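The values are calculated or read from the model by the stated rules, or taken from the named source; none is laboratory data. This one's a predicted model, so the numbers in the text were calculated from it and none came from an experiment. All Cβ positions, even for glycine, are placed from backbone atoms using ideal geometry, and neighbour counts span all protein chains on display. All accessible areas refer to the heavy atoms of the entire protein, side chains included, with ligands and DNA or RNA removed. Shrake-Rupley method; radii C 1.70, N 1.55, O 1.52, S 1.80 Å.
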Amino acid sequence: LDFGFEEQRVHVVPHGVDGEAFSPSSAPERDANRAVLGLGEGTVAFLNVGVPTWNKGLDLLVRAFARVHLAYPDTRLVLKDARALYGLSVEPLLRDAAATDPAVREPAFLGAITVLPTSLTQAQLRALYGAVDCYVSPYRAEGFNLPVLEALACATPVVVSSGGATDDFCHGAGVSRIASVFQRGDLGNKPNCCWVEPQLDALVALMAEAASAGPNRPETRSVQRSGARANALTHPWDRAADALARLLRPA
C-alpha cells in the first residue's frame with residue numbers, strides 16, 4: 001500500500017504446516033527428549049528458534065526470562081540460534097543484555113539457558129517443539145513466523161506479539177498475545193519503517209502465567225495443547241497452495 005498498490009489487488013498467501021511431520025510427541029518421547037535437554041519433571045521450559053536479530057525480539061525474551069526465572073527458579077530457556085547456518089550466535093546478545101539489565105546479570109540466570117548451535121532436521125525440530133512447554137516469539141517484525149505454526153502443530157502453546165504477522169494464524173486456547181505498540185519511523189538509514197514493539201511487562205506476565213500453569217494446572221495445559229494442535233491443522237500447505245493457485249489462474 002505504501003508503494004501505491006490498490007488495496008483490492010493486495011492478497012496475503014500464507015505459509016502452512018505439515019501436520020504429520022510436525023505432530024505431538026507421545027509421553028515417552030517427550031520424557032526422553034526432555035531428559036536429553038536436562039529438563040526435570042517439574043521444569044517449565046520456554047523455546048525460541050531463530051536468528052538473534054533485532055526484529056526477532058530475542059533481547060526482550062532474554063530480559064523477560066531473567067525476571068520470570070527469579071520468581072520461578074525451576075524454569076529454563078532453550079534457544080536454537082543460527083550460527084551453523086548464518087554464523088549468528090546468541091552470545092553477543094546475551095552480553096549486551098547483561099550490560100544494560102541487572103536482572104540478566106543474576107548468577108543463576110545463565111545456567112538456566114540452553115543454547116543449541118547446530119542445524120536440526122525436521123524430526124529433531126519436532127522433538128524440540130514437543131519437549132518444551134511454551135514457544136515464545138516477542139518479534140518486532142516478521143513475514144510469517146513459521147516456527148510458531150510448527151510449534152502449534154506439535155501441540156505446544158505459544159506466546160507471540162500482537163499486531164503482527166501471527167495475527168493471521170494464531171487463534172484459540174493455545175495462543176497468548178503480547179500487548180504490543182505499532183510503530184512507524186526511521187530505523188538507522190532506513191526511512192518510514194513499520195514494526196510492533198512488544199511490551200516487556202506484558203511479556204513477563206504471560207511467561208509467568210505459563211510457568212505457574214505448567215506443574216500446577218494440568219487441565220489448563222491439556223486444553224492449551226489441544227487448542228494449539230487444532231489451530232495448526234486449519235493451516236495445511238494445501239490451503240496455502242490453493243490460495244496461490246487461485247491468484248495465478250488466468251481470469
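Selection of region 66-88 for residues being touching a strand residue (DSSP E or B) at 6+ places or on another chain (Cβ under 8 Å) and not charged (D, E, K, R) yields VAL68, HIS69, TYR72, THR75, LEU77, VAL78, LEU79, ALA82, LEU88.
If you go through region 186-207 one residue at a time, do you hit one that is within 30 Å of PRO73 (Cβ to Cβ), out of contact with any helix residue (DSSP H, G or I) (no Cβ under 8 Å at 6 or more places or on another chain) and loosely packed, with under 13 Cβ neighbours inside 10 Å? Yes; the residues of region 186-207 include at least one that is within 30 Å of PRO73 (Cβ to Cβ), out of contact with any helix residue (DSSP H, G or I) (no Cβ under 8 Å at 6 or more places or on another chain) and loosely packed, with under 13 Cβ neighbours inside 10 Å.
All conditions but one from (1) without any contact (Cβ under 8 Å) to a residue 60 or more places away in the chain; (2) within 20 Å of ASP167 (Cα to Cα) apply to LYS190; the one that does not is (2).
Residues in region 172-185 that are assigned to a loop (DSSP other than H, G, I, E, B) and open to solvent by 90 Å² or more (accessible area, probe 1.4 Å): none. For region 1-49, residues that are open to solvent by 50 Å² or more (accessible area, probe 1.4 Å) and under 22 Å from ALA71 (Cα atoms) total 2.
Among the conditions (1) buried (at least 20 other Cβ atoms within 10 Å of the Cβ); (2) farther than 19 Å from PRO198 by Cα; (3) more than 11 Å from the chain's Cα centre (by Cα), the only one that LEU125 does not satisfy is (1).
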